[in-house]
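Only one structure is covered here, and it is reproduced in the block below.
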Amino acid sequence: MTSAAADLVPATRNALSLLLLAMADDEFVIGFSDSEWTGIAPMLEEDVAMSSLAQDELGHAPALYRVLAEVVDDGRDADAIAYDRPVEGYYHARLLDHGRGDWADSIARRYLYDTADAVRLEALSTSSFGPLRELVGKIRREERYHEMHMTAWIDRLASTGGEPRERLLAALERLASDAATVLSPLPNELSLVMAGIIDATGEELDARWRARIGPTFERLALPMPPPAADPVNARTNHSEAFRWLHGEFTAVRSTQPGATW
Amino acid sequence: VSTVAAVRSALAEVADPEIPAISIVDLGVVEGVTVTDDEIRVELLPTFVGCPALDAIAAAVEDRLAAFGRPVEVRFGFAVPWTTDRITERGRRQLTKSGFAPPGDETCPYCGSANVLTDNLFGPTQCRSTRYCRSCRQPFEAFKVI
């Protein structure tokens with residue numbers, strides 16, 4: 001355990017581990033999910049771009065799992081946390097439970113995620129918890145490109161009209177009830193705010209997120225995402241689509257436990 | 001010559017595994033070198049959090065420093081974020097020479113033309129974008145500004 005984590009009272013440390021688990025699982029799941037486009041994206045440039053985005057996320061996830069492993073300090077390493085949990089143990093936002101779908105689904109899902117994640121990372125940029133603050137400082141420089149790219153795509157699909165716009169609207173509709181789940185309040189989040197680990201509660205982060213995406217949605221005449229339909233289960237009760245993805249990404253590990261590759 | 005200086009010049013011979021034209025020192029990846037009688041500690045900064053070349057870089061550093069006859073410990077950290085500003089002038093020249101536009105350089109590394117198109121913000125590795133020169137019709141890669 002890092003000294004920074006050892007200084008925290010147990011309730012705050014538990015809340016911190018849930019925050020880290022949420023962030024790491026979000027990056028892990030969207031990384032695996034988007035890597036499904038490798039080889040079959042609608043054009044070569046996007047095949048490269050989506051694969052590169054996925055690779056970034058699958059780099060952020062282990063770095064976050066490593067910080068988490070030091071905080072929980074229960075003998076599990078980053079790989080054990082990442083791979084050795086049943087479906088029910090994953091704590092990613094339900095927005096990421098929606099499967100790959102068509103291109104518009106993946107773009108809409110990633111746009112909603114990247115903008116919410118940017119708000120979350122910003123709220124951690126002056127965190128009192130050093131290991132997370134340092135990592136976030138580095139991650140933000142990479143995520144900037146993701147948000148830039150996704151904003152360009154939303155713009156392109158929404159303003160082209162015809163089928164691209166229709167598909168984007170349909171995707172936003174399908175994701176609507178879970179669109180806001182990335183920033184849904186975490187258990188005991190007030191203790192994190194009071195310890196200076198994050199600078200706002202989920203409710204405040206949600207307001208910042210809406211202020212961030214509002215101008216884009218207004219300019220493109222897109223419907224703003226409604227509040228999460230079931231905020232209490234924002235990170236539980238995972239879907240069939242995730243159950244399938246979990247089978248995919250644990251396949252090697254469960255065939256050869258403890259293998260390195 | 002102090003051992004620290006000798007270690008640093010040895011590290012200047014360790015090439016980046018993905019762009020062998022540039023050393024890890026010119027890439028700005030080497031943050032600190034500590035030498036004691038018992039060990040050599042090298043602190044490195046990952047260019048990208050998930051850079052898959054990190055293990056290869058650590059192994060190359062350990063190999064190159066084995067001649068100093070004491071245990072080598074290589075650590076990666078984020079306390080100081082690696083940014084493209086850390087690439088040295090010499091490193092930038094070496095990138096251009098091997099066909100990569102250095103970060104922030106908007107011209108073609110082959111013919112120097114500014115008539116260049118960003119084909120894709122993303123490229124074959126996390127740290128690169130792909131571009132196309134409309135003057136000499138050469139596709140090339142550019143370092144992302146991070």
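Every number here is computed from the coordinates shown, using simple stated rules; none is lab data. Because the structure is predicted, anything quoted here is derived from the model rather than measured. Glycine gets a Cβ as well: all are built from the backbone with ideal geometry, and neighbour counts include every protein chain shown.
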Q: Evaluate the range A:69-87: report whether one residue or more is within 14 Å of chain B (Cβ to nearest Cβ) and buried (at least 21 other Cβ atoms within 10 Å of the Cβ).
A: yes
Q. Hey, any hits in the range A:80-93 for a residue that's in contact with a Lys or Arg (Cβ under 7 Å, 6 or more places away or on another chain) and in a helix (DSSP H, G or I)?
A. yes
Q) Quick check: anything in the range A:153-169 within 13 Å of another protein chain (Cβ to nearest Cβ) and under 18 Å from residue A:222 (Cα atoms)? A) yes
Q) Restricting attention to the range B:51-97, which residues are touching a residue at least 24 places away in the same chain (Cβ under 8 Å), surrounded by 13 or more Cβ atoms within 10 Å (Cβ to Cβ) and among the small types (Gly, Ala, Ser)? A) B:53, B:56, B:60, B:77, B:91
(Q) Tell me the residue from A:168, A:172, A:192 that is among the hydrophobic types (A, V, I, L, M, F, W, C) and within 18 Å of the chain's Cα centre (by Cα), please. (A) A:172
(Q) Against the conditions (1) in contact with a strand residue (DSSP E or B) (Cβ under 7 Å, 6 or more places away or on another chain); (2) under 25 Å from residue A:127 (Cα atoms), where does residue A:56 fall short? Just the number, please. (A) (1)
Q) In the range B:111-121, how many are more than 14 Å from every other protein chain (Cβ to nearest Cβ) and either crowded, with 16+ Cβ neighbours inside 10 Å or closer than 23 Å to residue A:145 by Cβ (or both)? A) 2
Q: Would you be able to tell me the number of residues in the range B:66-103 that are assigned to a loop (DSSP other than H, G, I, E, B), touching a strand residue (DSSP E or B) at 6+ places or on another chain (Cβ under 8 Å) and within 14 Å of another protein chain (Cβ to nearest Cβ)?
A: 3
Q.
Suppose we filter the range B:18-50 for residues that are within 14 Å of another protein chain (Cβ to nearest Cβ) and without any contact (Cβ under 8 Å) to a residue 40 or more places away in the chain; how many remain?
A. 4
Q. If you take the residues in the range A:34-48 that are away from chain B (no Cβ under 11 Å) and in a helix (DSSP H, G or I), which one is surrounded by the most Cβ atoms within 10 Å (Cβ to Cβ)?
A. A:34
Q: Filter the range A:118-148 down to residues that are more than 14 Å from chain B (Cβ to nearest Cβ) and part of a helix (DSSP H, G or I), then give me how many there are.
A: 5
Q) Can you find even one residue in the range B:22-31 that is among the charged types (D, E, K, R), surrounded by 13 or more Cβ atoms within 10 Å (Cβ to Cβ) and not in a loop (DSSP other than H, G, I, E, B)? A) yes
Q. For the range B:122-146, what are the residues that are surrounded by 15 or more Cβ atoms within 10 Å (Cβ to Cβ) and more than 14 Å from chain A (Cβ to nearest Cβ)?
A. B:133, B:138, B:140
Q: Kindly state which helices (runs of 4 or more DSSP H) lie completely within the range A:165-261 and contain at least 3 residues that are in contact (Cβ under 8 Å) with a residue 60 or more places away in the chain.
A: A:189-194, A:202-219, A:240-249
